[in-house]
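Quick notes on the structure that follows.
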Amino acid sequence: MADMAASDIVVKGAREHNLQNVDLVLPRNRLICLTGVSGSGKSSLAFDTLYAEGQRRYVESLSSFARQFLGQMPKPDVDGIDGLSPSISISQKTTGQSPRSTVGTITEIYDYLRILYARVGKGHCPDCGRPVTAQTRQQILSQIHAVAEGSRLLVMAPLVRRQKGEYRELFEDLVRQGFVRARVDGRVIRLTDEQHLDRQMRHDIDVVVDRVVVNPASRGRLAEAVELALKIGSGNMVVASEDGDGLEIPLSAHYACTHCQVSFEPPSPQLFSFNSPQGMCLECNGLGEIYTFDPARLVPDPGKSFQQGCIELIGNWRDLGRWRRHIYSGVAETLERLHGLEAGTILETAWEELDPKFQNALLWGTGDQHITYTWRGGAHGHKWGGKFEGIIPRLLSQYKSSNSRLQRRALEKYMNVVPCGFCEGQRLNRQARSVTLTTAAPDFEGRQRTLPEVCALPISEAERFFAQLELGPTDQAIAAEAIKEVRGRLRFLANVGLEYLTLDRTAPTLSGGEMQRIRLAGQIGCGLVGVLYILDEPRSASMPRQRPPARNPRPTPGPGQHGRRRRARRRRCAADHVVDFGPGRGAGGKVVASGPLEEIVKQPESLTGQFLSGSRKIEIPAQRRERAARCSRPRRPRTTISRTWTSRFRSARLCA
């Protein structure tokens, strides 16, 4: 200790766990590797002594009010530690098994992407694909007057969207301004009545500006109401029917498709979050997957046609009954008439040869398409119209309403976790999936990309996409900080060997080494200096091509290494300082050698030094054991998924 520098970390009398009064000097701003067999005391020094003391000192520097919200580690058994910096521990364990955690959310890249798309993204209409532009007052009035004459409408201005609170002051302020009514969570109330909103629930509040009847005489009054509603609602307004027949038209002076006459909410960062009700796909709740009937299991023999019974749960045509036969016949006849096909094409064609859009229409329904059904029962047949919900939604309703355990188990044989058919596994709603950014890279295939498409790119491709974003001068000034953060974090992920991952890769599918490097990218990407990073075997899960060769000066993350001795030379030659614990496991707790690599190999007591110098090595066995023969018994095929997925999706969606 005589030659220690003033900036060194000095440990005196460490006795945590099996450490035997260890005195040690660790150089600052160096990559230090702690070696030794399992149980020799490496983790006791790194995590239970250095990290615990650094975290405890940092927490004690905060106020007593802040300390009550933070967990504090106990003081380690050590006489003293000098020169210790604030410490951050990055262990090898994963962060959890939540399917909502992705590479983008863990590294916070996704948060910057949401801001980027909300501020400088170019919106498009989900129906026609045309750019979304602002509506003039005249276009808004024309759209309102297109409603049937004589309709009684409420002209409202949106004030609160999906926010928690009681909003007593808001209601009092509206009364002082002269407003009488408001719509709270779909119910029209009088503002003079006392309101008791649940502060823990999210609410939607619209103030009623005026109640008008659509006719030529009310055009002037309606124009004044629209002007006031746009002013109060910051360019947004809502027109709804007073009779409660479901008519509701969102209008905006900033964000609307003039071709389809459809208005949208202005984009916000919450719109691009699959964890927020404003942005998630409402069918899969932002998971991208749903537990539902799998088309591959419903159609075990795609060589059969619909009339021949290709869908096993429905059976052949004769077993359906007259009522259900006329339903499917009406759907097929309507689709054949719209697409100019011959009668009987959809129901008589083999399933594997049928156009996918007709398959989806039969399985998932026809949406808002009006279907004409012809009932030929009795002496006189008649026609009627309606919508077709689809085979899978009908089976889901039967599954949810059934109280029979045997029937539910019989239906579960045809169910599986499949990508959501409404968002195509992209987790976001239609509006969020229609906002794009454009890159100026000439060799980039598909220069316009939505947020889910960017997250599906490998990190190396995403880095190239954001390297040359095509933005105007104003957009460039707005997005400068967000683009800088995205580029920096993507670059660091590529530098630590994760260029093959995608930002939408979920956390449960990552290995321990990948998760540790992702957390390392999130920590070091923040740009903090003077921090003590304590890593637990960061290279243990890396691939051989990602490990540096011997004597490579590029630093290797980690101090704690438990690896095999025959690979010690490749792993530990990049460290600036090596601390070898020993002499053995359990009975260790002593520092056998400490210093640069050149000094470690000269210490005869160091087992690590003996293997690094080559004086000891593990010989390749002359004869290896033969591999045991695999069991020839065929495995039992799995017909149902695990209980974990079943209970998760049943509670989250099906039994809600």
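The values are calculated or read from the model by the stated rules, or taken from the named source; none is laboratory data. Quick caveat: nothing in here was measured; it's all calculated off a predicted structure. Counting neighbours? That spans all protein chains shown, and the Cβs are built from the backbone with ideal geometry, glycine included. Quick note on the areas: whole protein, heavy atoms, side chains included, nothing else; ligands and nucleic acids left out. Shrake-Rupley method; radii C 1.70, N 1.55, O 1.52, S 1.80 Å.
Some points to look at:
- Each Cα pair under 8 Å and six or more residues apart adds its separation to the average, and for the chain the resulting relative contact order is 20 percent.
- Between 0 and 90°, nearest 10: helix 109-120 axis offset from the chain longest Cα axis: 40
- Full-stretch length increase - Asp355, Ala477 - with 0.36 nm per residue and alpha-carbon distance subtracted: 39.1 nm
- Label corresponding to Cα extents along the principal axes in Å when calculated from the structure given, among (1) 80, 63, 50; (2) 104, 74, 54; (3) 85, 72, 65: (2)
- Taking a point 7 Å from the Cα of Asp127 along the Cα-to-Cβ direction, the residues of the stretch 264-296 with backbone N closer than 12 Å to it are 264.
- Modelled label positions at Phe422 and Arg28, each set 7 Å beyond Cα in the direction of Cβ, lie 5.7 nm from each other.
- Inter-label distance for Gln523 and Gln407, nm, one decimal - labels placed 7 Å from Cα along Cα-to-Cβ: 5.5
- Backbone geometry of the stretch 196-204 corresponds, through the Karplus equation with coefficients 6.51, -1.76 and 1.60 at θ = phi - 60°, to 3J(HN,Hα) couplings of 10, 8, 6, 5, 8, 9, 8, 10, 10 Hz, x marking Gly and Pro.
- Once both labels are positioned 7 Å from their Cα atoms along Cα-to-Cβ, the gap between Val10 and Arg325 label points is 9.7 nm.
- Phi to ³J(HN,Hα) by Karplus 6.51 cos²θ - 1.76 cosθ + 1.60 over the stretch 276-290, Hz, x for Gly, Pro: 10, x, 6, x, 6, 6, 6, 7, 10, 6, x, 8, x, 9, 9
- Label point at Lys387 placed 7 Å out along Cα→Cβ; residues across the stretch 405-449 whose backbone nitrogen lies under 16 Å: 422
- For the set Phe47, Phe422, Phe69, solvent exposure ranked by accessible area (probe 1.4 Å, protein chains only) runs largest to smallest as Phe69, Phe422, Phe47.
- Reciprocal mean inverse distance between Cα atoms of the stretch 296-443 - Kirkwood radius, Å: 17.7
- Built from the Cα atoms of the stretch 1-71, the convex hull projects on average onto 6.4 nm², one quarter of its surface area.
- For Glu242 and Glu342, the difference between the fully extended length at 0.36 nm per residue and the C-alpha to C-alpha distance is 31.4 nm.
- Orientation-averaged projected area, Cα convex hull of the stretch 17-153 (nm²): 18.4
- Structure note, pairs Lys42/Lys602; Lys12/Lys617; Lys357/Lys400; Lys231/Lys484; Lys304/Lys357; Lys164/Lys400: Cα-Cα distances above 24 angstrom occur for Lys12/Lys617; Lys357/Lys400; Lys231/Lys484; Lys164/Lys400.
- Nearest-ten-degree value, helix 219-232 long axis tilted from longest Cα axis of the chain: 10
- Backbone phi angles across the stretch 50-56, fed through the Karplus curve with coefficients 6.51, -1.76 and 1.60 (θ = phi - 60°), yield HN-Hα couplings of 5, 5, 4, 6, x, 5, 5 Hz in residue order; Gly and Pro are listed as x.
- 0 to 90° range, to nearest 10: angle between helix 480-495 axis and the chain longest Cα axis: 50
- Estimated from the Cβ-Cβ distance and a Förster radius of 30 angstrom, the FRET efficiency linking Ile618 and Glu598 is about 0.85.
- Fully extending the segment from Leu228 to Thr372, taken as 0.36 nm per residue of separation minus the present Cα-Cα distance, adds 47.5 nm.
- List Phe492, Phe274, ordered by accessible area with a 1.4 Å probe, largest first: Phe492, Phe274
- Global geometry of the stretch 243-312, whether rounded, prolate or oblate, following the gyration tensor of its Cα atoms and the 1.5 cut on a/c: prolate
- Percent carbon-and-sulfur accessible area, the chain, ignoring ligands, DNA and RNA, probe 1.4 Å: 49
- Solvent-accessible surface of the chain, averaged per residue with a 1.4 angstrom probe and all protein chains in place: 54 square angstrom.
- Using heavy atoms of the protein chains and a probe of 1.4 Å, the accessible area assigned to Lys383 is about 150 Å².
- Remark: accessible surface ordering of Tyr255, Tyr117 (largest first) is Tyr255, Tyr117, probe radius 1.4 Å.
- FRET efficiency estimate (nearest 0.05) - Cβ-Cβ, Arg394 to Arg297, R0 22 angstrom: 0.85
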